[in-house]
Each structure stands twice: as C-alpha cells, then as structure tokens.
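The values are calculated or read from the model by the stated rules, or taken from the named source; none is laboratory data. A quick note: this is a predicted structure, and the numbers were derived from the prediction, not measured. When we count neighbours, we look across all protein chains shown, and the Cβ atoms used for this are built from the backbone with ideal geometry, even at glycine. Just the protein is used for accessible areas: all its heavy atoms, side chains included, with ligands, DNA and RNA removed. Shrake-Rupley method; radii C 1.70, N 1.55, O 1.52, S 1.80 Å.
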Amino acid sequence: MLDSLRQQVYEANMSLHRMGLAPFTWGNASGIDRDKGLVVIKPSGVPYDALTPEKLVVVSLDGVVAEGDLRPSSDTPTHLELYKAFPEIGGCVHTHSENAVAFAQAGLDLPAFGTTHADFAFGSVPCTRDLNRREVQHDYEKNTGLVIAQTFRERQLDPMAVPAVLVRSHGPFTWGATPEKAAENAGVLEICCRMAYMTMALGREDPLPRYLLEKHYLRKHGKDAYYGQKGEGK
C-alpha cells in the first residue's frame, strides 16, 4: 500500500538522520495521500539504521492503523492535527535538533535577522504557548497539534509561507508540500536557529527591514519568482 509515498517518507526520515537533526530515535517524518486520507509515518522508537520502507506505518486521519505491524510514532496525533489544519501540506517532520530546541525551551520566536531566513520563511517562526496541565494530561500529542494550529490562526500566519513552528519547551515541527520538502525545512530551520543565536549573542535585536524580507522571500517563492532554473523546484 502506498509504495511511492512509503519510499518518500523513508527517504525523508533518513535525511533527518544524515543531517544530524534526529539523534538516537528523536525525530520522525510523515507524508499524506490526500485522496486516500492516509498518512505514512515512522514507527515509534525504531533506530534509523534499522528502518526500512516496509516498517513504516500507515494510519488514517482518525489515527486508526491501516497497515503495519509496528506502533506508529508517538507524535502521530500531532502530525494528524497538522494535516487537518493545513490542507496544503503533504509532509510533516518533528525533530529535537539542538538549536531549534534551544529556542523552543527559551520560549522565543525565531526572528528573521537576515536574508538566509527570508529565503526560507516570510517572517519570524513562532513559538507556541505552553500547553496547560489538562492539555498535557489528556490527549497530549493531539493537543500539541491543536496548539500549533491555534498559534497560526491567532497570528494569521500562512503555513506555506512560514513552514515551521517551535513548540514551547518541546521542539520544532516543520512541513512542506512533500515529505522531502518538510525534511529540508527542518534542516534550514536548524541552521537559521544557529545563526540567530550567534546574531543575538553579538547584540542584534531588530529583524531585517521589511522591504528586504519581501525581496528575498518573493524572489524565491512569489508568483514572479526568478530564483533557480525553469522547470525545477524553487
């Protein structure tokens, strides 16, 4: 079932491991087949060197396992809520990459200090509020996804223009049109967090000018984008 999507999700998971974003088993990638309403996701706690496409788990948007002998990632309910809230996305990733986690633990948004960030996201990457006691004790992972969706709704953010979030005291989630793009966004987020940390340590507080943010974001992602080659992805 979903052999092509399985391969995409497998490769996304392995790229997280290669990039050093998911030490031990601390991370997962998923992808969705919108027509079938099925999600393919990494099994819980399986080491990356033991992972194969066949070991991935297929679940419905209601969280029912449709195929697979292993338990799906414990973060599966979060992924499912993101797929429900953001219908444009085709892949989702969660990691515990060090610099992104540092911002999440500090409860800080990731400011857009420079053009590297602007090529990636149209403004700051938000940090969510803390989950309350009830949200943690009952349906914790589902509520994590709901709080992410709430953050984007309240801040009126486009999830395709800002393809990442920092869950306070927890860590990052990223997404994209495909599982591969979601994994790439996780890597870019980590780099931007590392550069922002150094920038803040050197004393800068203000983000880059709005006109420069717009120029760099739109030249890569806007309707008249001219970054890259024709016929290739931006």
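Summary table
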{"read-out": "Residue in the range 164-173 that is outside any loop (DSSP other than H, G, I, E, B), open to solvent by 20 Å² or more (accessible area, probe 1.4 Å) and in contact (Cβ under 8 Å) with a residue 60 or more places away in the chain present", "value": "no"}
{"read-out": "Check on Asp130, among the charged types (D, E, K, R) and more than 30 Å from Gly203 (Cβ to Cβ)", "value": "no"}
{"read-out": "Only listed residue being open to solvent by 40 Å² or more (accessible area, probe 1.4 Å), closer than 25 Å to Leu189 by Cβ and at pLDDT 95 or above, chosen from Glu81, Glu98", "value": "Glu98"}
{"read-out": "Candidates Leu2, Leu38, Leu21 - the one that is on the phi > 0 side of the Ramachandran plot and not basic (Lys, Arg)", "value": "Leu2"}
{"read-out": "Filter result (closer than 16 Å to Ser74 by Cα and touching an Asp or Glu at 6+ places or on another chain (Cβ under 9 Å)) within the range 9-26", "value": "none"}
{"read-out": "Enumeration of residues in the range 175-184 that are in a helix (DSSP H, G or I) and surrounded by fewer than 24 Cβ atoms within 10 Å (Cβ to Cβ)", "value": "Glu180, Lys181, Glu184"}
{"read-out": "Subset of the range 47-60 [within 23 Å of Asn185 (Cα to Cα) and open to solvent by 20 Å² or more (accessible area, probe 1.4 Å)]", "value": "Pro47, Asp49, Thr52, Pro53"}
{"read-out": "Of the criteria (1) open to solvent by 40 Å² or more (accessible area, probe 1.4 Å); (2) touching a residue at least 40 places away in the same chain (Cβ under 8 Å); (3) within 19 Å of the chain's Cα centre (by Cα), which one Gly90 fails", "value": "(1)"}
{"read-out": "Test: residue in the range 66-83 that is within 18 Å of Trp175 (Cα to Cα) and in contact with a Cys (Cβ under 6 Å, 6 or more places away or on another chain)", "value": "yes"}
{"read-out": "Residues located in the range 137-163, provided they are hydrophobic (A, V, I, L, M, F, W, C), open to solvent by less than 20 Å² (accessible area, probe 1.4 Å) and touching a residue at least 60 places away in the same chain (Cβ under 8 Å)", "value": "Ile148, Ala149, Phe152, Ala161"}
{"read-out": "Residues satisfying the stated conditions in the range 1-10, i.e. touching a residue at least 12 places away in the same chain (Cβ under 8 Å) and either surrounded by fewer than 16 Cβ atoms within 10 Å (Cβ to Cβ) or in contact with a Cys (Cβ under 7 Å, 6 or more places away or on another chain) (or both)", "value": "Met1, Asp3, Gln7"}
{"read-out": "Subset tally (residues that are assigned to a loop (DSSP other than H, G, I, E, B) and open to solvent by less than 80 Å² (accessible area, probe 1.4 Å)) for the range 185-219", "value": "4"}
{"read-out": "Matching residues, the range 22-46, being open to solvent by less than 10 Å² (accessible area, probe 1.4 Å) and not in a strand (DSSP E or B)", "value": "Ala22, Lys42"}
{"read-out": "Wholly enclosed helices (runs of 4 or more DSSP H) of the range 77-162 bearing at least 3 residues in contact with a helix residue (DSSP H, G or I) (Cβ under 8 Å, 6 or more places away or on another chain)", "value": "98-106, 115-118, 140-154"}
{"read-out": "Residue pairs meeting the criteria (Cβ under 9 Å; at least 6 apart or on separate chains; first in contact (Cβ under 8 Å) with a residue 60 or more places away in the chain and within 16 Å of Arg155 (Cα to Cα), in the range 97-117; second in a helix (DSSP H, G or I) and polar (S, T, N, Q))", "value": "Pro111/Thr199"}
